[in-house]
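So the structure is just underneath, and the comments pick up after that.
The values are calculated or read from the model by the stated rules, or taken from the named source; none is laboratory data. Please read all numbers here as calculations on a predicted model, not as lab measurements. FYI the Cβ positions are ideal-geometry reconstructions off the backbone, even for glycines, and counts take in every protein chain you see.
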Amino acid sequence: MGLDRILFQSEQLGKVDTQNRNNLKLFVDTILERMTMSSASDVDLGSTSTRGLVWYRIDGDKRPDLSNAPFSVDQTNVIILSLLSSRGIADLREDKSADFSYETPLASGDMQRFRATAYLDMGQMALNMRAISTRPRPLRSLGFHPSIEKGLMFRHVRDGLTLITGVTGSGKSTTLDAVIHANNEDFNGHIVIIGRPIEYIHSSAKCIVRHREVGQDVATFKDGIVQSLRQDPDMVVIGEMRDPETISAGLEITDSGHKVFSTLHTSSAVESIDRIVAEYPPSEQPRIRIRLADVLRCIVSQKLLPKVGGGRILAKEVLWVTSPARAAIKNDNSSEIYQMMWEGWNNGQITLEQDLYRLMRQGLITPEVALDHANNKRRFQQLV
């Protein structure tokens, strides 16, 4: 039972002929085609937790597909295992989880990429796959203040760390890809992207765009960052700042004068600063605050909200690190940082509560949705 049973199934799957392996892939592609036609962002499959059904996330809500008979656990184990490479099986054996990317052609002729994770759920295989946009969004469509747009472009600001933050499913990757695409079309240089897995594949335009997948092209995020110092980059994109080693390497490469972008799983600008500092022992935190304040340029914290009439809409909080904000970070004055965003519209800053109020006034979200998603509900109610 458990992992032993799964690894045994993987061994048996290795003996299956090519035709049947292709049939398994076609079956998965059919599920993903249905997902795309439903405008779903995610698909979930596997283990008794799903009741043997395929689930889709549509407009933010998980919904089971009741049109097919339920699968057995062994069936979903084999379906999920068929997607994993030998490296993925090794990751599953060691970490009980495997991250990978998957690509399939759509009826439209476009290639659709997915970010996937296979993992164990009570000793059974489980799978989540998230659709990656087939084309990056224009940066202008994200509604940033012109001065923030300018700050995100290498042509105008050539160094510093920018963080795109939010909970899972908040559109961080979409925003990051829009920024990469805009820079790729704007200046002649070299962009290195380090991710696990690599999601959207950017075609080199004015820039050379390198894609280095952790586990396949480089051992760790830290190694990818350190190695990039010898690869003559102008911009470095780090998929996620997930541990002190990655954070330290990211600060180091930013210190060396590069423009760096990364993501964090946090829901506000102030929380993002505190999260980075909290990754270190208390004795090191004052030093890290000073280093972070010196290199940090911008934090964008975002959420995707249910939109009136269907679909979802982006709400965001933006901190641009001015000299007063830099001093507040060094002195651990979180309330001052929030107040600077509240009063900083002239240079492109905005709190999440102000952006929620704007969307509500425009009739794009309901007052209930706005209040539910506010980080500081008292401030939002003051605005109302």
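Quick notes on this one:
- Residue list for segment 15-41, restricted to those being among the charged types (D, E, K, R) and touching a residue at least 12 places away in the same chain (Cβ under 8 Å): Arg21, Lys25, Asp29, Glu33, Arg34
- Top-ranked residue of segment 214-238 - restricted to ones that are among the charged types (D, E, K, R) and without any contact (Cβ under 8 Å) to a residue 12 or more places away in the chain, ranked as nearest to Ala98 (Cα to Cα): Asp217
- Complete set of residues in segment 202-213 that are among the hydrophobic types (A, V, I, L, M, F, W, C) and surrounded by fewer than 21 Cβ atoms within 10 Å (Cβ to Cβ): Ala205, Ile208
- Scanning segment 155-207 for residues that are hydroxyl-bearing (Ser, Thr, Tyr) and touching a Cys at 6+ places or on another chain (Cβ under 6 Å) turns up just one, Thr162.
Quick grid of which residues meet (1) on the phi > 0 side of the Ramachandran plot; (2) more than 20 Å from the chain's Cα centre (by Cα); (3) without any contact (Cβ under 8 Å) to a residue 24 or more places away in the chain:
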residue: Asp95; (1), (2), (3): no, yes, yes
residue: Ser108; (1), (2), (3): no, yes, yes
residue: Ala116; (1), (2), (3): no, no, no
residue: Leu120; (1), (2), (3): no, yes, no
residue: Ala131; (1), (2), (3): no, no, no
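- Here Val209 passes the criteria (1) assigned to a strand (DSSP E or B); (2) within 17 Å of Asp99 (Cβ to Cβ) except the one numbered (2).
- Residue in segment 34-49 that is buried (at least 18 other Cβ atoms within 10 Å of the Cβ), modelled with pLDDT of 90 or more and in a helix (DSSP H, G or I) present: yes
- Residue selected from segment 195-206 under the condition part of a loop (DSSP other than H, G, I, E, B) and touching a residue at least 40 places away in the same chain (Cβ under 8 Å), by the criterion nearest to Ser133 (Cα to Cα): Tyr200
- The condition of being touching a helix residue (DSSP H, G or I) at 6+ places or on another chain (Cβ under 9 Å), free of Cβ contacts under 8 Å to residues at least 60 places away in the same chain, surrounded by fewer than 19 Cβ atoms within 10 Å (Cβ to Cβ) and among the hydrophobic types (A, V, I, L, M, F, W, C) holds for only one of Ile288, Ile313, that being Ile313.
- In segment 186-201, residue surrounded by the fewest Cβ atoms within 10 Å (Cβ to Cβ) [restricted to those that are modelled with pLDDT under 95 and of a type outside the set (Asp, Glu)]: Ile201
- Of the residues making up segment 115-122, one or more are in contact with a strand residue (DSSP E or B) (Cβ under 6 Å, 6 or more places away or on another chain), surrounded by 17 or more Cβ atoms within 10 Å (Cβ to Cβ), farther than 18 Å from Tyr200 by Cβ and of a type in the set (Phe, Trp, Tyr).
- Single residue of segment 118-139 satisfying the filter (of a type in the set (D, E, K, R) and either touching an Asp or Glu at 6+ places or on another chain (Cβ under 7 Å) or assigned to a loop (DSSP other than H, G, I, E, B) (or both)) that is modelled with the lowest pLDDT: Arg135
- Condition met for Ser267 (more than 19 Å from the chain's Cα centre (by Cα) and surrounded by fewer than 21 Cβ atoms within 10 Å (Cβ to Cβ)): no
- Taken over segment 319-347, the criterion of being buried (at least 19 other Cβ atoms within 10 Å of the Cβ) and either basic (Lys, Arg) or touching a strand residue (DSSP E or B) at 6+ places or on another chain (Cβ under 8 Å) (or both) is satisfied by Leu319, Trp320, Val321, Ala325, Ile329, Ile337, Met340, Met341, Gly344.
- In the set (1) of a type in the set (Gly, Ala, Ser); (2) in contact with a helix residue (DSSP H, G or I) (Cβ under 9 Å, 6 or more places away or on another chain); (3) crowded, with 16+ Cβ neighbours inside 10 Å, Ser141 fails one condition alone, (3).
- Taken over segment 357-383, the criterion of being of a type in the set (A, V, I, L, M), under 18 Å from Lys307 (Cα atoms) and in a helix (DSSP H, G or I) is satisfied by Leu359, Met360, Val369, Ala370, Leu371.
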